[in-house]
Structure formats: C-alpha cells, structure tokens
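Read through the structure below, which is laid out as structure tokens, and then see the notes.
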Amino acid sequence: MHATVDSALDPRTDALAGEWLSLRETADRLGIKTNRIKQLISERRLLAIRRAGEPMVPAAFLKDGQVIKGLAGTLTLLSDAGFDEVETVRWLFTADDTLPGTPVEALSENRGTEVRRRAQALAF
C-alpha cells in the first residue's frame, strides 16, 4: 500500500513539489540500483507517487547524493497521522511562515526537529 499510489495527483500538489524524478533518475542521483529505490519506498524511507503511470519521486527529497535527513521519520509520522502519499507531499511542500519555508526545505536545511514535532502533533 505504501509503495506507490495510483490516486490522482492534483495539479496544485504536483506543482508544489516542483521537479520530479523517475526511479531510475533517483537511483542515479543516489548512486544505487533502481531495486534499492523500490526497497526504500516500500520501507517508507522515500516516497513515490505515480505521475502519468510512472512512479516519481520529488527531487527535493534528495540532496548531495543522499535522501534528506529526517525524511523517513517524517514520512512515518505523517502516515501514522493518517496521511496518504498525496496528502504527505502537499504537507511537506506547503509553506509555513512559522517554520519559515516549507517542511521539506526545513528538513533539507537540517531543521527537522521542528518539522517532526509538527508532524507528530497532527496525529492527535
């Protein structure tokens, strides 16, 4: 269920995420095999959504050849809060003036503690 979702990715959420990468492009950027990407997705350490029938990963989830620190824990917290993959992308890429920026930007800048605190609060 958590690998990739066929639910419709609305244009607004699609645009929020910006650049998307195929699984092959994601694997190339991380220097690993495509099968390992599929494993990371199934372990909920990375998230992919089907776009035009192909699983795609937001490019912002990667930085300096690695998955951004704190993404896996945040994905777990959002899943525990009942978010599906599309809702998760929407939450991660929606600007929050109190962070400031988007949660994914905060994770990328190693400000994940506050992001995870907010994600955890969603479950209650």
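The values are calculated or read from the model by the stated rules, or taken from the named source; none is laboratory data. Just so it is clear, the structure is predicted and the values come from calculations on it, not from any experiment. Reconstructed Cβ throughout: ideal geometry from the backbone, glycine too, with neighbour counts over all protein chains shown. Protein only, heavy atoms only, side chains kept; ligands, DNA and RNA dropped before computing areas. Shrake-Rupley method; radii C 1.70, N 1.55, O 1.52, S 1.80 Å.
Scanning segment 97-124 for residues that are touching a residue at least 12 places away in the same chain (Cβ under 8 Å) and hydrophobic (A, V, I, L, M, F, W, C), which turns out nearest to T13 (Cα to Cα)?
Checking each candidate, the answer is V104.
Take R90 and decide whether it is under 10 Å from the mean Cα position of the chain (by Cα) and open to solvent by 70 Å² or more (accessible area, probe 1.4 Å).
yes
Yes/no per residue for (1) open to solvent by 50 Å² or more (accessible area, probe 1.4 Å); (2) in contact with a helix residue (DSSP H, G or I) (Cβ under 7 Å, 6 or more places away or on another chain); (3) closer than 15 Å to L21 by Cβ:
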residue	(1), (2), (3)
A52	yes, no, yes
T74	no, yes, no
T102	no, yes, no
Q120	yes, yes, no
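May I ask you to list the residues in segment 76-87 that are closer than 15 Å to R45 by Cβ and open to solvent by less than 20 Å² (accessible area, probe 1.4 Å)?
Hits for segment 76-87 are L78, E85.
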